[in-house]
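Novice: I'd like to ask you about the structure that follows.
The values are calculated or read from the model by the stated rules, or taken from the named source; none is laboratory data. From a predicted model like this one, the values you see are computed outputs, not experimental measurements. With ideal geometry, Cβ positions are generated from the backbone for all residues, glycine too; neighbour counts draw on all protein chains shown. Just the protein is used for accessible areas: all its heavy atoms, side chains included, with ligands, DNA and RNA removed. Shrake-Rupley method; radii C 1.70, N 1.55, O 1.52, S 1.80 Å.
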Amino acid sequence: MKNHKVFYGWWVVLGCVLITTTIVPPIMSLSNKFLIQVTTDMNISRSAFTLANTILQGLGIFISPFVSKKLANGNMKQIQSISIIGFVLSYASYSLAQNAIHLYISAFFIGIFYLNSTIIPVSIMVTNWFVKKRGLAMSLAMAGIGVGGTIFSPIVTMLLNNYGWRRTYQIMALIILVIALPTSLFLLKKRPEDMGLKAYGADEQNLSVKKVNKAIPSVALSISQSKVHIFFWLMLVGMLANGLINSGALGQFPPAMEELHGAALQATIISIYSMVGIFGKLFLGWVNDKFGILVSTTFGCTMFALAFVFMLLGQNPNMLYLMAIVFGLGNAIGTVTPPLITSAIFGTEKYGEAYGIANSATQIGLSLGSLMVAGIYDINHSYQAAWLLLFALTVVTLISWIGSFALSRRFCEK
């Protein structure tokens, strides 16, 4: 580390930010900006269009454990770089679709390459490079999701208005290739040992572990033993509901706002909540460190629930600006809170196994949430009932997580 003025791990974090900035938003916050043009041009329902993203997200339920193992044990640079190329080609192939089946075929391959190129390798690299300040490094890496939403929302809107949805898919694919592929090839490094370095704070690891174990009493039961207790299933209910509300909001807010007030205001609101979301992730982590998991969970879920209240009042454009602020502050519960609540309940030793199960429940919700909201719209020709349902599910998320944590304290190590 003496040969580096800046610890190289922070350059790895910068590379991870570039990856999450370019690859994640087109799948999450920006995917349904194409919805109205695509469904109108191909004469398909909103549910049919949204099913493509359901297929993409649904793959994560089944193949995430295999992807994690392969990336951890294999040549990550090679796997990630090939996957970025595959992602770009598959994403661009959306532009060739003539019917919904073509969208689903593209989505299947996008889902495979997406897992191998984004969140999983990013989390592995950050974990390898940081012992101390790992939470800060992970928050910064994931903040790229908000950065990408902020930058690309107006760009996608402009491209759609000027070139149409087919050319926009192609242009976005090219942008991703130009930024993400060189980042993977030349900037990202799997582990510090590859450069003759140690992880940041590695010399303090034993002390840190002692502090963590003292601060967070963990459940003394094994994961198998925990499965017969209600706190385990309450945690999973919260994860499932959390996936539903995040997918439903991120997937259907854009077309709902465009329908109400046009593409220009929609792009502005997405940029605002994406920008606020950058700080929202860091702020939620600070709240958790300062006041604990119950306060941070309550804060995040309350902000998220208020977003649906303001969407119900969305005929007034001023309400959408308020929605953008509270949604930006609250949407960190989709990425930051699940690992925090899992570690708060199970501690560090059982975290990996527990979070693998928790993440599967989240992926189920992410796969179904946007499709569920689109289906409600297709039936009612209105989003109002969907926002009420998602508000209720946010309350379910909060009650389930707080209840799970509270009940788990009965089984903590003394």
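Novice: Could you list all residues from region 268-304 that are open to solvent by less than 50 Å² (accessible area, probe 1.4 Å), in contact with a Leu (Cβ under 8 Å, 6 or more places away or on another chain) and under 18 Å from Leu390 (Cα atoms)?
Specialist: Thr297, Gly300, Cys301, Met303
Novice: While we're looking at this one, here's another question. Checking the structure you have, find out if any residue of region 252-266 is among the charged types (D, E, K, R), open to solvent by 50 Å² or more (accessible area, probe 1.4 Å) and free of Cβ contacts under 8 Å to residues at least 40 places away in the same chain.
Specialist: No, region 252-266 contains no residue that is among the charged types (D, E, K, R), open to solvent by 50 Å² or more (accessible area, probe 1.4 Å) and free of Cβ contacts under 8 Å to residues at least 40 places away in the same chain.
Novice: Moving on to the next point. Tell me, yes or no, whether region 217-240 has at least one residue that is in a helix (DSSP H, G or I) and either under 18 Å from Gly146 (Cα atoms) or basic (Lys, Arg) (or both). Reasoning before the result, please.
Specialist: The initial filter retains those residues of region 217-240 that are in a helix (DSSP H, G or I), namely 223-226, 230-240.
Subset that is either under 18 Å from Gly146 (Cα atoms) or basic (Lys, Arg) (or both): none.
No; the residues of region 217-240 include none that is in a helix (DSSP H, G or I) and either under 18 Å from Gly146 (Cα atoms) or basic (Lys, Arg) (or both).
Novice: Where the second residue is open to solvent by less than 10 Å² (accessible area, probe 1.4 Å) and of a type in the set (A, V, I, L, M) and the first is closer than 11 Å to Gly277 by Cα and at pLDDT below 90 and lies in region 322-343, which pairs have Cβ atoms under 7 Å and are six or more apart or on separate chains?
Specialist: Pairs found: Ala332/Leu284.
Novice: I've got another one for you. Looking at region 1-116, what helices (runs of 4 or more DSSP H) fall wholly within it and have at least 2 residues that are of a type in the set (A, V, I, L, M, F, W, C) and open to solvent by 70 Å² or more (accessible area, probe 1.4 Å)?
Specialist: Answer list for region 1-116: 8-27, 46-73, 76-92.
Novice: If you take the residues of region 18-43 that are at pLDDT below 90 and of a type in the set (A, V, I, L, M, F, W, C), which of them is farthest from Ala143 (Cα to Cα)?
Specialist: The qualifying residue farthest from Ala143 (Cα to Cα) is Ile36.
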